[in-house]
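Notes for the one structure printed next.
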Amino acid sequence: MKKTTLYLLIIGGVLLLTIFSLVWIIAGPSGPIILSKQTTYLTGPLNANGLIDYERAILEMQAANVEPQENAAIPYLQAMWPCELTPEEQAWVCNALQMSQPSQHGMVHSGSDATLDAVTDWLNQQQAVNADAQDLTPLTKTDALVAVGLAYWTPWTREQLPPLADWLDQQAPHFAKLHEINERPKYFLPSPSFLNNQSDAILNCLMQTIQAQREAARCLSVRAMLHVGENRPRKAWEDMKTLFVLSRCHSRPGFLVELLVSAAVRGMACGELQVLLSSGQCDAQLLGEIEQFLAQLQPFDEMALAIGTTERMMGLDAAVALCTQEGAANDLLGDADQLSALAHVPFDRNAMLVKLNEWYDRMVVILEIKDLNERQAAADQLEIEIETMAAGIKDPSNLAGAIFNQSSRGEWIAQFFGMLLLPAVTQAGQAEERLNLQVQLLRVAVALELMKAESGDYPASLDALANRIDPLLLQDPYSGDRLHYEQRAPGYLLYSIFMDRKDDGGTSTNGDIEAGEWLPEPTAQTFEDGDMVIRFPQPQKKFLDPPPWEVAQDEIAIELEVEEQPSLETASPSEE
């Protein structure tokens, strides 16, 4: 053989080997998913394909050590039955909770057609009696919705809206069931999607019972405001206490969407209690009971647990589906451009899972930081890194590395995929901070009411409370100094400088208090950089003006209509 031929054969072999190696790198098999803490987070239980059954894992975690007699979900379901569940789902849920299926429906929706029809008819009757009928425009269900919405936050009486009071009377047995959750310390109520013996994507699971939880909170609020309006403070507190307990009614570990609904319920409970305290109806004994309850109320601090377990498992479940199920790439990433195209070729699955876990670990560490200033700094840094990653994800050099290296491709897909799944850590943390600060201010407010009940007036400074309550309650978690307090006859001003860490002089974030004083008319303007404020006494609110009514519908920012069933995919911290 001639040397030239030999050289050509060698060169040709090298070229073929290079091409084969390149093709192998780009399109060679991905290799199996390794089950480990670093990749799949769990090593069991396994499904029929030998991969992690995340649905079953979550179900087992949530059901662990919850006996029927201590499960608050059972009286909750009995009170709100059927909670948007289909007949088939009803059987699954009752079997999972070891409870008998209720034979009758529970609480009637406050925005149901029957309730709103009765309210609409009464409003029109009153308007016809008290105004010139020739100039009247008939009121509609929309006006009835506004009237019912007012009853959530405004003390009212039976004479002011008899049909709504009658509706409350009819729901008395269901209210009694709701109150039973106070005696049950645990809660387990799984998504029926986890009980259908099908391998559904966790991301698409529906949480039907959450809508009923919102409605339960609204019903409790309406009745509590009726009790305040008719000077029954103890009965009002019983409904408010149940509202606080309802705010802890979610499975543990819970999903972010469950926690956000619970956060909204607790925020509602805090607002209701402010109305009761400002009414001046509570005697020292009742104030003492409220003080004791709030002292035993657990802080709202489950976001880190949710992100580290259920949210992580939901993300990993979707990531595994991305590389093992046909069509999953299109469903999760779309197929519009070159970004998702890389998910259709082999990539290092384990590198993707490792990178996703690193992001979840990072978020958990941030949310577990106790010092709020340190937590904010860490969260801001993470947000900057995510924004930088988002800006660079289409960079040609990054795409080139992903094209020619399976490991880089896996990490790149993890970055793109993580941007879709990772919840906003800053907003999740802020939801917790807001609620815990509201409860802190309420505990100080209760102590101030107790001092007034004993001495006849509010103290001149918070120094008077130093030996009565935990001194940490008097400290602003955002400044490290004392909470701001001024005695302003006949009440007081109390506030924290809140998340912007600047003293705005007692101007509230929701725009109803400016420089520590209530505005004469409510405004739609909000102040994101405002303070968290309690200003007592609250102004006397009119429940309904004398007819004819011309109520601006956008004044009531509470949706009463039946909302779309929430799913895990649509969870966002902004829902709070």
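The values are calculated or read from the model by the stated rules, or taken from the named source; none is laboratory data. Owing to the predicted nature of the structure, the values given are computational and were not obtained by experimental measurement. Ideal geometry is used to build each Cβ from the backbone, glycine not excepted, and the neighbour counts take in all protein chains shown. For the accessible areas, the whole protein counts, side chains as well, though only heavy atoms, and no ligand, DNA or RNA atoms are used. Shrake-Rupley method; radii C 1.70, N 1.55, O 1.52, S 1.80 Å.
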Top-ranked residue of the stretch 57-101 - restricted to ones that are over 25 Å from Leu243 (Cα atoms) and open to solvent by less than 10 Å² (accessible area, probe 1.4 Å), ranked as nearest to the chain's Cα centre (by Cα): Ile58
Would you say Gln104 is open to solvent by 40 Å² or more (accessible area, probe 1.4 Å), of a type outside the set (Lys, Arg) and modelled with pLDDT of 90 or more? yes
Out of all the residues in the stretch 482-497, is one or more under 27 Å from Gln381 (Cα atoms), touching a Ser or Thr at 6+ places or on another chain (Cβ under 7 Å) and open to solvent by less than 60 Å² (accessible area, probe 1.4 Å)? yes
Which is closer than 30 Å to Ile58 by Cβ and of a type in the set (Gly, Ala, Ser), of Ala91, Ala114? Ala91
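Yes/no matrix, rows are residues, columns are (1) of a type in the set (A, V, I, L, M, F, W, C); (2) at positive phi; (3) part of a loop (DSSP other than H, G, I, E, B):
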position: Ile34; (1), (2), (3): yes, no, yes
position: Lys37; (1), (2), (3): no, no, yes
position: Cys83; (1), (2), (3): yes, yes, yes
position: Gly111; (1), (2), (3): no, no, yes
Might you check whether a residue that is open to solvent by 40 Å² or more (accessible area, probe 1.4 Å) and under 18 Å from Gln440 (Cβ atoms) occurs anywhere in the stretch 300-312? yes
Report whether or not Gln78 is part of a helix (DSSP H, G or I) and in contact with a Lys or Arg (Cβ under 6 Å, 6 or more places away or on another chain). yes
I'd like to know if the stretch 346-365 contains one or more residues that are surrounded by fewer than 17 Cβ atoms within 10 Å (Cβ to Cβ) and either farther than 26 Å from Ile52 by Cβ or modelled with pLDDT under 85 (or both). no
Can you tell me how many residues within the stretch 169-221 are surrounded by fewer than 21 Cβ atoms within 10 Å (Cβ to Cβ), part of a helix (DSSP H, G or I) and of a type in the set (Asp, Glu)? 3
Can you say whether Gln134 is at pLDDT below 90 and closer than 20 Å to Arg158 by Cβ, as far as the supplied structure shows? no
Among Lys235, Lys241, which is the only one that is open to solvent by 10 Å² or more (accessible area, probe 1.4 Å), farther than 30 Å from Met314 by Cα, in a helix (DSSP H, G or I) and without any contact (Cβ under 8 Å) to a residue 40 or more places away in the chain? Lys235
When residues of the stretch 107-134 are limited to those that are free of Cβ contacts under 8 Å to residues at least 60 places away in the same chain and surrounded by 15 or more Cβ atoms within 10 Å (Cβ to Cβ), the one farthest from Phe175 (Cα to Cα): Asn124
Which residue is surrounded by the most Cβ atoms within 10 Å (Cβ to Cβ), if the candidates are limited to the stretch 447-467 and must be touching a helix residue (DSSP H, G or I) at 6+ places or on another chain (Cβ under 6 Å) and under 16 Å from Leu294 (Cβ atoms)? Glu449
Limited to the stretch 66-98, what total is found for residues that are more than 17 Å from Asn182 (Cβ to Cβ) and in contact with a Gly (Cβ under 7 Å, 6 or more places away or on another chain)? 1
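When residues of the stretch 215-237 are filtered for being of a type outside the set (A, V, I, L, M, F, W, C) and over 24 Å from the mean Cα position of the chain (by Cα), how many remain?
Let us first name the residues in the stretch 215-237 that are of a type outside the set (A, V, I, L, M, F, W, C), namely 215, 218, 221, 223, 227, 229-235.
When the remaining residues are screened for being over 24 Å from the mean Cα position of the chain (by Cα), the result is 227, 229-235.
Number of matching residues: 8.
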For Ala201, only one of the following conditions fails: (1) touching a residue at least 40 places away in the same chain (Cβ under 8 Å); (2) over 29 Å from Asn65 (Cα atoms). What is its number? (2)
Restricting to the stretch 284-299, count the residues that are open to solvent by 10 Å² or more (accessible area, probe 1.4 Å) and over 23 Å from the mean Cα position of the chain (by Cα). 6
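Go through Gly254, Gly315, Gly267, Gly280 for me and flag whichever is outside any helix (DSSP H, G or I) and open to solvent by less than 40 Å² (accessible area, probe 1.4 Å).
Values: Gly315 fails: outside any helix (DSSP H, G or I); Gly267 fails: outside any helix (DSSP H, G or I); Gly280 fails: open to solvent by less than 40 Å² (accessible area, probe 1.4 Å).
Matching residue, one of Gly254, Gly315, Gly267, Gly280: Gly254.
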